[in-house]
């Protein structure tokens, strides 16, 4: 196992993350009958003349996700959100990451587990990976109907209903990490909504039944 120096995140600067396409959110319930991955990619950085301060949120309860980089090639790990890479995770292996916080779309990563190559694992990475390369899968292995909501509240509008196991890209999470903001591609559109944490699985080797 390898350990990188823990970097201070108390005063972080953000390089804004530009979308390659404008998100088209669906406002009516959508039944998904096949597993779909998001079909757009969010660039990690875009140059700005004025860089706003980044609010870092620590999760009360960390959760797991895995690398799903549709661009291919190594996945950059950065000291600060949008900052310089400090290492890269090889595209030759699968990785499972423990997410400990978030700063405007950049997830703060602790432990990194590489099941196929332990030398590529980290006990405490203490750095950032963008949500556009992080994914989870839904846990509706028995065909359960899982709703995505407009906000982190079951009383809010349902924007989509997933009926089969589906891969979702990470966008954000509540401080309690009991709700996760996700997105995926469907019929050429991007569907974004909040899902309850109990319905996601971040395992890279098996399901979470």
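The values are calculated or read from the model by the stated rules, or taken from the named source; none is laboratory data. Computed from a predicted structure; not experimentally measured. Cβ coordinates were reconstructed from backbone atoms using ideal geometry, including for glycine residues, and neighbour counts include every protein chain displayed.
Some points to look at:
- Exclusive hit being in a loop (DSSP other than H, G, I, E, B) and over 28 Å from residue 111 (Cβ atoms), set 203, 156: 156
- The single condition among (1) modelled with pLDDT of 95 or more; (2) at positive phi; (3) out of contact with any strand residue (DSSP E or B) (no Cβ under 8 Å at 6 or more places or on another chain) that residue 155 does not meet is (2).
- The set of residues in the stretch 95-131 being surrounded by fewer than 17 Cβ atoms within 10 Å (Cβ to Cβ), in contact (Cβ under 8 Å) with a residue 40 or more places away in the chain and either within 21 Å of residue 173 (Cβ to Cβ) or out of contact with any strand residue (DSSP E or B) (no Cβ under 7 Å at 6 or more places or on another chain) (or both) consists of 115, 118, 119.
- Candidate set: the stretch 46-72, residues that are loosely packed, with under 10 Cβ neighbours inside 10 Å and modelled with pLDDT under 70; chosen: the one nearest to the chain's Cα centre (by Cα): 47
- For the stretch 73-91, filtering for residues that are touching a helix residue (DSSP H, G or I) at 6+ places or on another chain (Cβ under 9 Å) and either touching a residue at least 60 places away in the same chain (Cβ under 8 Å) or within 16 Å of residue 121 (Cβ to Cβ) (or both) leaves 3.
- Looking only at residues of the stretch 172-200 that are in a loop (DSSP other than H, G, I, E, B) and in contact with a helix residue (DSSP H, G or I) (Cβ under 7 Å, 6 or more places away or on another chain), we find that the one that is surrounded by the most Cβ atoms within 10 Å (Cβ to Cβ) is 177.
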